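Down below is the structure, laid out as structure tokens.
A short reminder: the numbers here are calculations on the coordinates, not readings from a lab. Given the structure is predicted, the values throughout are model-derived calculations rather than measurements. Cβ placement follows ideal geometry from the backbone for every residue including glycine, while neighbour counts extend to all protein chains displayed.
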Amino acid sequence: MRRLTLVSGCVLAGAVVAIAVVSFLWLPYPPEDTSGGRLAPPGLPHLLGTDKLGRDLFTQLMIGARIALGVGLGSVALGGLLGVAAGLVAGFATRWLDDTVAVVLDILIAFPTLLLAMLLVAVRDASLGSAILAIGLAMSAVVARLTRVLVKRVLAQDYITAARTSGTSWRRIVTEHVLPNIWPTLVVNLALQLGLAVLAEASLSYLGLGPPPPNASWGRMLQEAQATVLVAPVGAIAPGVLVVALVVGVNLIADGLRDVADPTRRRTR
Amino acid sequence: MNRKTPWLIGAVIAVALTLTGCGSGSGPESGAQGAPAGTAASGSHDPEATIEIGSLYEPQNLDNTAGGGQGVTEAFNGNVYEGLFRLTDEGKVENLLAESQEVSPDGLTYTFKLRQGVTFHSGAPLTSADVKYSIEKVTADDSQSARKSSFDVIKSIETPDDATVVVKLSDKSISFVYNLSYVWIINHAAKDLATSEDGTGPYKLGAWKRGSTLSLDRFDGYWGTKPANKGVVFHYFTEATALNNALLTNAVDIVTSEQSPDALAQFQGNDDYKITNGKSTTKLLLAFNDRVKPFNDRLVRKAVSSAIDDKKLLDSIWAGYGTLIGSMVPPSDPWYEDLTSVNPYDVNLAKQQLAQAGYPDGFSFTLDTPSYDPHPTAATFIKSELAKVGINVTINVITADEWYTKVYKNRDFTATLQEHVNDRDVVWYGNPDFYWGYDNPDVAKWVKDAERSDTVEQQTELLKKVNRQIADDAASDWLYLYPQIVVAASNLSGYPVNGLNSQFYAYGIKKS
């Protein structure tokens with residue numbers, strides 16, 4: 001069962017990753033080629049048909065995969081880095097500072113990602129960078145809170161007390177005792193966050209706050225296909241299916257990883 | 001079900017013809033008399049019904065001299081505010097608050113007699129002082145009215161008595177009366193016009209819930225024929241699909257103008273809805289900033305115009321509806337000529353012109369694109385077309401507010417996309433201070449001379465010259481003319497079917 005979860009997750013997410021990688025090497029049509037005719041039906045020569053402007057949908061989807069993964073991985077990197085750093089600081093800090101950080105984090109977590117993104121877009125312009133920044137910042141709060149709790153739990157262990165009484169430096173405690181003990185849980189959490197980030201990017205683009213046109217983002221493809229969904233449903237279904245495939249895939253991987261990383265779960269199942 | 005469609009469309013066309021035929025009828029009822037399918041419905045219509053109108057154009061504010069935008073024209077023109085004259089749905093100018101007018105033989109003095117017994121919504125009577133105030137509001141220094149420059153010829157406005165207005169002009173102005181149909185007569189004592197109103201129209205403002213609805217209630221003290229309904233509520237949507245869904249679920253009774261041809265499929269062949277395909281004056285423009293490089297060069301503008309396949313763009317967005325125009329003049333203006341061949345779609349010609357202008361390898365520019373349909377789609381298409389001649393377009397998506405401040409007011413742009421909704425607006429190319437900055441002394445002179453004409457023929461001839469010249473200079477790139485598609489529930493009749501100036505007279509709408 002556990003294997004199956006991990007494997008099917010890898011297949012789903014891997015397919016999207018493969019599409020994104022292939023898109024750098026080969027595309028069925030140039031991205032700006034409008035020669036396909038308005039809303040051509042799926043078939044040949046356009047596998048999934050074309051959009052209103054006559055652009056090949058499959059090509060758009062492939063480019064959309066790049067953007068989804070790019071924003072997803074970019075914001076996980078940003079959110080992970082910021083979150084883990086803030087969590088470590090809070091975990092080690094004196095009670096007063098720790099409480100302050102905890103309150104700030106709770107407020108940040110309660111703040112909707114989309115609202116934060118809209119504020120950022122108002123200050124900066126709508127772009128790939130703004131999307132990554134907004135999603136990454138929102139994510140860092142979640143990651144920081146988790147890290148803080150994990151760090152505290154490790155610091156309460158007897159071997160840490162032993163290390164401290166034997167005069168081990170804080171830096172060595174972090175690198176040799178804390179991080180190795182918390183990273184499996186963190187990785188699982190970051191994998192879950194990746195799925196959420198992909199969804200957040202699609203929502204932002206749907207609202208017109210993502211990377212500006214003509215970048216083909218799945219969210220905006222959905223939005224553009226909305227007006228034509230009655231006459232050309234594939235235009236809306238195809239990006240939707242890919243978003244689902246990627247998010248479900250990533251979540252299955254996270255589930256599978258958790259089972260592998262957590263020995264207690266392995267025994268009880 | 002499908003078999004009925006041709007009949008319905010046929011009926012609508014027949015009625016549209018009838019409307020044109022009886023357009024000279026007087027009083028606000030005239031639009032309603034020959035209404036589509038109204039013959040059966042009007043007998044049993046409910047005078048206490050409220051009409052729910054769905055629109056994509058929410059006003060920015062309620063003052064059309066302070067940048068209220070096309071939304072406030074749609075909701076208020078003729079409904080809340082009235083002018084001395086009215087432009088009917090068929091494009092005719094008829095007397096409204098002015099009972100009669102006299103023009104002196106030299107064409108420089110206009111004497112208007114005001115209709116008696118007209119009161120504002122606040123209860124104050126209409127006097128000549130209000131007319132003077134209202135005209136001066138449009139011509140004031142801080143006025144943002146797009147029609148402001150049309151009134152530069154006014155030398156003085158005198159009010160010898162409460163019922164008489166005498167306007168002296170510094171120069172002859174053949175379209176002065178037509179222009180006055182744009183001037184809302186507002187109570188001179190009214191305050192806070194951006195959020196409230198005091199007009200003479202058949203409706204008074206109910207409530208305006210920003211971002212959602214604007215309601216108009218029947219004004220019981222109205223001087224003319226009472227509206228055929230109790231009131232109207234404009235429901236504002238930012239997205240066409242949501243708007244169409246509202247119509248499908250009966251949340252609204254009518255959609256003032258459909259912006260997507262694909263959505264029509266759900267109404268076609270359905271007896272519950274009627275679709276009309278009327279005249280529009282809305283043009284989609286790729287407006288260059290003619291003051292700045294590289295678009296200060298006529299050849300570059302021509303090259304860009306020739307590099308874009310307008311036909312393909314129109315078909316992409318409107319799927320067979322709509323019309324190509326080679327210039328600013330829509331077919332409903334008297335000085336229309338087909339100029340689509342002046343800057344034909346010809347990529348090789350575009351490349352030659354670019355090379356001649358000193359840009360053999362193209363250039364880059366930023367296209368300020370309003371965030372709402374169809375602008376982003378059009379921008380994407382333009383980017384892809386111009387890439388073929390080596391021009392790299394960066395699409396900068398901005399809101400309607402930003403467009404107004406950045407482009408219209410501050411002229412801080414290189415090129416932009418915008419819909420221009422008015423009829424007879426080719427004359428703006430005679431104003432070098434307009435946002436697009438087209439400055440051709442000949443054109444400015446012809447526009448001026450056309451205004452000075454003694455006859456409409458003379459005016460028409462000169463404006464045709466203007467039209468040809470701006471096309472030849474590619475002052476802007478006129479991408480296409482919108483169709484005006486109205487979809488309404490079939491129990492509705494008497495609504496306007498043409499989108500002239502984006503006005504939408506609601507007083508004739510009957511619901512049964």
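At an R0 of 35 angstrom, the distance between the Cβ atoms of B:Q268 and B:R452 translates into a FRET efficiency of 0.10.
For B:K293 and A:S35, what is the calculated FRET efficiency with R₀ set at 35 Å and r taken between the beta-carbons, to the nearest 0.05? The value I calculate is 0.65.
Counting 0.36 nm for each residue step from A:I160 to A:L27 and taking away their Cα separation leaves a gain of 42.4 nm.
Per-residue mean of foreign Cβ neighbours for B:425-433 is 0 (Cβ atoms of other chains, 10 Å radius). Here the protein assembly as shown is treated with +1 on each Lys and Arg Cβ and -1 on each Asp and Glu Cβ, and its dipole about the Cα centre works out to around 3300 debye.
For the segment B:312-319, counting C-beta atoms of other chains within 10 Å of every residue's C-beta and taking the mean gives 4. Note on A:A15 and A:L81: the model spin-label points, each 7 Å out from Cα along the C-beta direction, lie 3.3 nm apart. Rg ratio for the protein assembly as shown: its Cα radius of gyration over 2.2 N^0.38 Å, N being its residue count, equals 1.13. Residue separation of B:D106 and B:S122 scaled by 0.36 nm, minus their Cα-Cα distance, works out to 1.9 nm of gained length. Taking a straight Cα-Cα cut-off under 15 Å and skipping sequence neighbours fewer than 8 places away in the same chain, the aspartates and glutamates within cross-link reach of B:K383 are A:E32, A:D33, B:D309, B:D310, B:D368, B:D477. The angle separating the long axis of helix A:57-92 from the principal Cα axis of greatest extent in chain A is about 10 degrees.
Averaging the sequence gap over all C-alpha pairs within less than 8 Å and six or more residues apart, then dividing by the number of residues, gives segment B:308-369 a relative contact order of 21 percent. For the protein assembly as shown, the residue among B:V93, B:P261, A:G37 whose Cα projects farthest onto the positive side of the dipole built from Cβ charges is A:G37. State, as an integer percentage, the relative contact order of chain A based on alpha-carbon contacts under 8 Å between residues 6 or more apart. About 27 percent, as a whole number. Averaging the sequence gap over all C-alpha pairs within less than 8 Å and six or more residues apart, then dividing by the number of residues, gives segment B:397-489 a relative contact order of 17 percent. When DSSP beta bridges are restricted to pairs lying wholly in the protein assembly as shown, around 75% turn out antiparallel. Placing pseudo-labels 7 Å out from each Cα toward the beta carbon at A:V149 and B:D46 gives an inter-label distance of 5.6 nm. Among A:I237, B:I254, a tally of other beta-carbon atoms within 10 Å of each Cβ gives an order, fewest to most, of A:I237, B:I254. For chain B, a Kirkwood hydrodynamic radius built from all Cα pairs, placed in the Stokes-Einstein relation at 20 °C and 1.002 mPa s, yields a translational diffusion coefficient of 90 µm²/s. What pairs from B:K209/B:K283; B:K293/B:K351; B:K113/B:K448; B:K155/B:K191; B:K226/B:K279 go past 21 Å between their alpha carbons? Flagged as over cut-off: B:K209/B:K283; B:K113/B:K448; B:K155/B:K191; B:K226/B:K279.
Spin-label pair B:A355-B:A194: with each label point 7 Å from Cα along the Cα-Cβ axis, the two points sit 5.4 nm from one another. With R₀ fixed at 30 Å, the C-beta to C-beta distance from B:D472 to B:V93 puts the FRET efficiency at about 0.45. Geometric descriptor of segment B:142-288, per residue, is 212 Å³ (volume of the convex hull of the Cα atoms).
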